[in-house]
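Read the structure below first, then the notes.
The values are calculated or read from the model by the stated rules, or taken from the named source; none is laboratory data. Just so it is clear, the structure is predicted and the values come from calculations on it, not from any experiment. For neighbour counting, all protein chains shown are included, and Cβ atoms are generated from backbone atoms with ideal geometry for every residue, glycine included.
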């Protein structure tokens, strides 16, 4: 289920794994490589410094040799509860902000992603992207 607000996107998911395991899927390179990126891509380079003030850098590679790099800085880091970070293409100055909460629900996780600071024409693209990522995350957690 998604809710779209002006310049903000909210994506909600119920995942069949406990919050600590879902949080780990966001903060360890081995697990991120299983799900981060759209179908047809793979996560090549993956550098994480998961702590407040730490940075991350993900290189997404596509068939045909195309690639791009997503990078950001962790703003909040509360294991199994909350994660917030800047998010944008490396080298561009228009970073947006992402906050993710992980709420326990009878052995599962209610995940809430809030993506703020998007231009109006970026909301639909990011909604599709996050949902595709989370579809892959669901499979990786199974």
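What residue, among those in region 128-142 that are closer than 22 Å to residue 75 by Cα and touching a strand residue (DSSP E or B) at 6+ places or on another chain (Cβ under 9 Å), is surrounded by the most Cβ atoms within 10 Å (Cβ to Cβ)?
130
Does residue 137 satisfy the criteria of being within 17 Å of residue 29 (Cα to Cα), in contact with a helix residue (DSSP H, G or I) (Cβ under 9 Å, 6 or more places away or on another chain), in contact (Cβ under 8 Å) with a residue 40 or more places away in the chain and in a strand (DSSP E or B)?
Considered against the rule, which asks whether it is within 17 Å of residue 29 (Cα to Cα), in contact with a helix residue (DSSP H, G or I) (Cβ under 9 Å, 6 or more places away or on another chain), in contact (Cβ under 8 Å) with a residue 40 or more places away in the chain and in a strand (DSSP E or B), residue 137 comes out as no.
To keep it simple, each residue is scored yes or no on (1) within 14 Å of the chain's Cα centre (by Cα); (2) crowded, with 16+ Cβ neighbours inside 10 Å; (3) under 21 Å from residue 9 (Cα atoms); (4) touching a residue at least 12 places away in the same chain (Cβ under 8 Å).
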{"position": "32", "(1), (2), (3), (4)": "yes, yes, no, yes"}
{"position": "49", "(1), (2), (3), (4)": "no, no, no, yes"}
{"position": "81", "(1), (2), (3), (4)": "no, no, yes, yes"}
{"position": "96", "(1), (2), (3), (4)": "yes, yes, yes, yes"}
{"position": "104", "(1), (2), (3), (4)": "no, no, no, yes"}
{"position": "113", "(1), (2), (3), (4)": "yes, yes, yes, yes"}
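Quick check on this structure: which one of 77, 23 is at pLDDT 95 or above, surrounded by 14 or more Cβ atoms within 10 Å (Cβ to Cβ) and within 15 Å of residue 138 (Cα to Cα)? Please lay out each step first, then the result.
On the way: 77 fails: within 15 Å of residue 138 (Cα to Cα).
Of the residues listed, the single one that is at pLDDT 95 or above, surrounded by 14 or more Cβ atoms within 10 Å (Cβ to Cβ) and within 15 Å of residue 138 (Cα to Cα) is 23.
Among (1) surrounded by 13 or more Cβ atoms within 10 Å (Cβ to Cβ); (2) closer than 20 Å to residue 136 by Cβ; (3) touching a residue at least 60 places away in the same chain (Cβ under 8 Å); (4) under 16 Å from the mean Cα position of the chain (by Cα), there is one condition residue 17 misses while meeting the rest; what is its number?
Of (1) surrounded by 13 or more Cβ atoms within 10 Å (Cβ to Cβ); (2) closer than 20 Å to residue 136 by Cβ; (3) touching a residue at least 60 places away in the same chain (Cβ under 8 Å); (4) under 16 Å from the mean Cα position of the chain (by Cα), only one is false for residue 17: (4).
In region 1-19, how many are modelled with pLDDT of 95 or more and part of a loop (DSSP other than H, G, I, E, B)?
Selection size over region 1-19: 3.
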